[in-house]
Amino acid sequence: MRRELVWLQVAFLGLAAADASRAASLQKLTWGNPDQPWGTRRPVTEADRAAIARYRAGQHGKPAFATDFTAAAALNSEWLTQSDDYLKSCRRPENVVATPAGLELQTRNATGCRAQWSTGFIISRQHFGYGFFEATIKTADIEGLNNAFWLVTEDHFEIDVCELHYPNIDRMTLHDNNKIDGKFPIAVGFDSRFAENFARDFHDFGVLWTATDIVFEVDGEPVAAIRTSGSIKGAADIRLSSALMDYAGKIPAHPAGHAMSVRSLRVYPF
């Protein structure tokens, strides 16, 4: 952990210049889901922008957790690999790979699955309260793959920091998973389009989560916000996953060999 914190502090020194050249440009933001008592969409404010800038500048001190995903031992000790088989890809531990460049959630031809292909899914062992969560991600360069970074709280709310679909779609959503019974709209969120191709370069995707609000950001710029008014109280785990699904676009005939990549992750307590 000490090595990763030092790495993160050094990396942040060069972020400002890098972000200026690769910052994603929001082209369209659609309020695609209805407001709920536990989540109401609101405009982004200058206070949101200033708060996120302070976290990214390190003004709130060292992160509570940070990783560059290059060490297999740390990946195994800090994360739980998942197995399932209910989507267009099953998800298997062997598809979660620590590399010198960071985490890869690989897509492979599947064996022993109902699905034809397999992808990857991890959940953090540690749980976190309110704070700023940010990951540096490059999507797979194919349609049909959901590249996801999300939080799930102990009181069963789901904060989808980003669900990225090739080439430039970012869906940001809050779910109340206490009401999965078919009777209630359980999502409040946003469907966005950017000018950039998220498979060509890494971009930062994050959320500032407080007792009263959720603010979504891309490359340091807040792009959407939800007022929760104290509805979410439980600590959250962190999840990174890839999955083939129709929701993410037309699945290609041969998706194996394409991967979601995560270069780093950092968490700052509120």
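The values are calculated or read from the model by the stated rules, or taken from the named source; none is laboratory data. These numbers come from a predicted model, not from an experiment. Cβ placement follows ideal geometry from the backbone for every residue including glycine, while neighbour counts extend to all protein chains displayed.
Of the strands (runs of 3 or more DSSP E) lying entirely inside the stretch 204-270, those containing at least 3 residues that are closer than 21 Å to T45 by Cα span 213-218, 221-227. Which residues, taken from the stretch 41-62, are more than 17 Å from D204 (Cβ to Cβ) and crowded, with 17+ Cβ neighbours inside 10 Å? Selection gives R41 alone.
Of the residues making up the stretch 163-183, those that are in contact (Cβ under 8 Å) with a residue 12 or more places away in the chain and more than 20 Å from F133 (Cβ to Cβ) are H165, Y166, P167, N168, I169, N178. Within the stretch 146-162, the set of residues being under 14 Å from the mean Cα position of the chain (by Cα) and in contact (Cβ under 8 Å) with a residue 24 or more places away in the chain comprises N146, N147, A148, F149, W150, L151, V152, I159, D160, V161, C162. Look at the stretch 207-227: where a residue is closer than 12 Å to A51 by Cβ and of a type in the set (S, T, N, Q) and a partner is surrounded by fewer than 21 Cβ atoms within 10 Å (Cβ to Cβ) and modelled with pLDDT of 95 or more, sitting 6+ places away or on another chain with Cβ atoms under 6 Å, you get T210/Y130.
Residue-wise test of (1) on the phi > 0 side of the Ramachandran plot; (2) modelled with pLDDT under 95.
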{"site": "A110", "(1), (2)": "no, no"}
{"site": "Y130", "(1), (2)": "no, no"}
{"site": "G144", "(1), (2)": "yes, no"}
{"site": "V161", "(1), (2)": "no, no"}
{"site": "N168", "(1), (2)": "no, no"}
{"site": "T173", "(1), (2)": "no, no"}
{"site": "N177", "(1), (2)": "no, yes"}
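Against the condition hydroxyl-bearing (S, T, Y) and either at pLDDT below 95 or under 27 Å from G120 (Cα atoms) (or both), how does S231 come out, does it pass? No.
Annotation: D204 fulfils all but one of (1) within 16 Å of F128 (Cβ to Cβ); (2) under 12 Å from the mean Cα position of the chain (by Cα); (3) of a type in the set (D, E, K, R); the unmet one is (1).
Checking G131, G144 one by one, the residue that is touching a Lys or Arg at 6+ places or on another chain (Cβ under 6 Å) and small (G, A, S) is G144 and no other.
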